[in-house]
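The values are calculated or read from the model by the stated rules, or taken from the named source; none is laboratory data. Given the structure is predicted, the values throughout are model-derived calculations rather than measurements. Virtual Cβ from ideal backbone geometry, glycine too; neighbours counted across all protein chains shown. Side chains are part of the model used for accessible areas, which takes the heavy atoms of the whole protein and leaves out ligands, DNA and RNA. Shrake-Rupley method; radii C 1.70, N 1.55, O 1.52, S 1.80 Å.
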Amino acid sequence: MSSILFGTNNPDKLREIRAIVGPPLQVMSLREAGIDLDVEETEDTLVGNALLKARTYHQASGLPCFADDTGLEVDALGGAPGVYSARYAGPDCSYQDNVAKMLREMAGKAVRTARFRTAIAFVDSEAEYTFEGVVEGTITEEVRGEGGFGYDPLFLPEGQHQTFAEMAPADKHAISHRGKAVRKLADFLQTYRPA
Ligand code: IMP
């Protein structure tokens, strides 16, 4: 398989996935496939939402498709925001709103361990497969760095001295939740042959 549709309307995810997945696999965007469709994340698990998006965009395009759903799980918040990470600060909130809410909720907390988890679902006309990537870390006390997106300025990966937003993109991708999950997908596709 040389070309695969990535079912996202998030340009930050598209940029990262393209940086992680090199040739010979070509990642096609929804725009390139002529699909103007937003899928509401109505499931209560990351895998459920990833499957929902991959199935919907596969049906709309007829192309082999994958989708990513990601959550930040914070131990001191009982695993929140998890699957609800995108809307943590309310409907239509910005990355900055989510980061500001996280800083407020974590103010004064001694236990700051957290993890990013990405579920990737791949769907074609034959089958469905899912892959997961996790990175452990801690929530910083203040924002650090300008790079990345979303919660990156607040997330210090285990064993690192830079947040995801302070790192060079390639360094983030080498250890990140999304990097791990996408490399599993890419490895699988190297030998996958639809019947
Ligand atoms: P979703 O996968 O689009 O539902 O994203 C969930 C939330 O996590 C959104 O607020 C994203 O901005 C955020 N997010 C997803 N991936 C990353 C990442 O790699 N770093 C930081 N935040 C992320």
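When you check residue 59 against the structure, is it modelled with pLDDT of 95 or more, out of contact with any helix residue (DSSP H, G or I) (no Cβ under 7 Å at 6 or more places or on another chain), farther than 22 Å from residue 115 by Cβ and more than 12 Å from the ligand (Cβ to nearest atom), yes or no?
When the stated conditions are applied, residue 59 passes them.
Sort out which residues of region 68-90 are open to solvent by 30 Å² or more (accessible area, probe 1.4 Å), acidic (Asp, Glu) and closer than 16 Å to residue 178 by Cβ, and write them in order of number.
73
Taking region 72-128 on its own, how many of its residues are touching a strand residue (DSSP E or B) at 6+ places or on another chain (Cβ under 9 Å) and polar (S, T, N, Q)?
The qualifying residues number 4.
Where the second residue is buried (at least 21 other Cβ atoms within 10 Å of the Cβ) and the first is of a type in the set (Gly, Ala, Ser) and lies in region 164-180, which pairs have Cβ atoms under 6 Å and are six or more apart or on separate chains?
Pairs found: 165/152; 165/153; 176/135; 179/20.
Could you identify the single residue in 65, 93 that is near the ligand (Cβ under 9 Å from one of its atoms), open to solvent by less than 60 Å² (accessible area, probe 1.4 Å) and either over 14 Å from the mean Cα position of the chain (by Cα) or at pLDDT below 95 (or both)?
The unique qualifying residue is 93.
Return the residue satisfying two criteria in turn: it lies in region 132-148 and is open to solvent by 30 Å² or more (accessible area, probe 1.4 Å) and among the hydrophobic types (A, V, I, L, M, F, W, C), and of such residues it is nearest to residue 58 (Cα to Cα).
Per the stated criteria, the residue is 134.
Taking region 96-131 only, how many residues are charged (D, E, K, R), surrounded by fewer than 13 Cβ atoms within 10 Å (Cβ to Cβ) and under 16 Å from residue 76 (Cβ atoms)?
Residues that pass the stated criteria total 1.
What pairs can you find where one residue is in region 5-24 and closer than 19 Å to residue 187 by Cα, the other is open to solvent by 40 Å² or more (accessible area, probe 1.4 Å) and part of a loop (DSSP other than H, G, I, E, B), and their Cβ atoms are less than 7 Å apart, with a gap of 6+ or different chains?
What qualifies is 5/63; 24/2.
Could you run through region 77-119 and say how many residues are of a type outside the set (Lys, Arg) and without any contact (Cβ under 8 Å) to a residue 40 or more places away in the chain?
Initially, region 77-119 is screened for residues of a type outside the set (Lys, Arg), giving 77-86, 88-100, 102-103, 105-108, 110-111, 113-114, 116, 118-119.
Subset that is without any contact (Cβ under 8 Å) to a residue 40 or more places away in the chain: 77-82, 84, 88-94, 96-97, 100, 105-108, 110-111, 113.
The qualifying residues number 24.
With the requirement that a residue be open to solvent by less than 30 Å² (accessible area, probe 1.4 Å), away from the ligand (no atom under 11 Å from the Cβ) and part of a helix (DSSP H, G or I), what does region 21-50 give you?
Residue satisfying the conditions is 48 alone.
Where residues in region 157-183 are buried (at least 20 other Cβ atoms within 10 Å of the Cβ) and hydrophobic (A, V, I, L, M, F, W, C), which of them is nearest to residue 138 (Cα to Cα)?
164
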